[in-house]
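Report on one structure; see the data block that follows.
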Amino acid sequence: RDRTLAGVLSTARALWRSRWHEERSTAIHMVAALVRRLDHDDWNEFKTWLKSVRSADHCDGIAVEVLGSLVKRDRTWCRVLKHWTLSKSVWERRAAAMGVLLRARQMGDVDAAFYVCESLMEDRAPEVREGVAIVLSEALLSDSAATREFLDRWKDRGASAILEALSS
């Protein structure tokens, strides 16, 4: 393992343990800057970070910038994210949705977005609904027809909050 990465991760861990929002943000940005050097062995560490998330920006930073980069490289992580949609943790469920953002935005992989977001369409937590709306808005930009078809299936099934967010 790369010693410079180990040093950065050690510093990032120390910053993440801080009670200060800004220090925790710095930890995420440090890791995100080296995301190309992360691999599947690092996934569990950042999943652990999600357990102490207290804000949407930290959740999204971990989910998109760190874990999402791994998901972008290897679509099989979508199965793990799908499992997270069943979590009791609001932040883990939001991270499940946000984790596929880069695949939808940069690769046009709207099917990955639908696969994960489908389980969250009726979620009651506003934080989760917001994350789903963000990902599906990216899917709309990538493949409007497929996304509209996906959304049409949800019109009469209790996903009104997400559908309203996407129409505004």
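For the reader, a short list of remarks on this structure follows.
- Residue among LEU38, LEU15 that is more than 24 Å from ARG129 (Cβ to Cβ), crowded, with 20+ Cβ neighbours inside 10 Å and not acidic (Asp, Glu): LEU38
- If you check ALA112, ALA145, ALA139 for being out of contact with any Leu (no Cβ under 8 Å at 6 or more places or on another chain) and either of a type in the set (S, T, N, Q) or without any contact (Cβ under 8 Å) to a residue 24 or more places away in the chain (or both), only one passes: ALA145.
- Taken together, SER55, SER87 contain a single residue that is among the hydroxyl-bearing types (Ser, Thr, Tyr), modelled with pLDDT of 95 or more and touching a His at 6+ places or on another chain (Cβ under 9 Å), which is SER55.
- Among the residues of region 129-153, just one is in contact with a Gly (Cβ under 7 Å, 6 or more places away or on another chain) and not in a helix (DSSP H, G or I), namely ASP143.
- Residue match in region 87-95 (condition: within 14 Å of the chain's Cα centre (by Cα), small (Gly, Ala, Ser) and under 23 Å from ALA33 (Cβ atoms)): yes
- Residues of region 43-78 satisfying the condition of being of a type in the set (A, V, I, L, M, F, W, C) and over 17 Å from GLY131 (Cβ atoms): TRP43, LEU70
- Restricted to region 41-78, and to residues there that are out of contact with any Leu (no Cβ under 8 Å at 6 or more places or on another chain), of a type in the set (S, T, N, Q) and part of a helix (DSSP H, G or I), the residue that is surrounded by the fewest Cβ atoms within 10 Å (Cβ to Cβ) is ASN44.
- Sub-8 Å Cβ pairs linking a first residue in region 150-167 that is free of Cβ contacts under 8 Å to residues at least 40 places away in the same chain and of a type in the set (Gly, Ala, Ser) to a second residue that is in a loop (DSSP other than H, G, I, E, B) and surrounded by 17 or more Cβ atoms within 10 Å (Cβ to Cβ), at least 6 apart or interchain, are GLY158/MET121; ALA159/MET121, ordered by first then second residue.
- For region 79-104, the set of residues classified as in a helix (DSSP H, G or I) and surrounded by fewer than 21 Cβ atoms within 10 Å (Cβ to Cβ) consists of ARG79, VAL80, LYS82, HIS83, VAL90, listed by residue number.
The values are calculated or read from the model by the stated rules, or taken from the named source; none is laboratory data. Just so it is clear, the structure is predicted and the values come from calculations on it, not from any experiment. All Cβ positions, glycine included, derive from the backbone under ideal geometry; neighbour counts span all protein chains shown.
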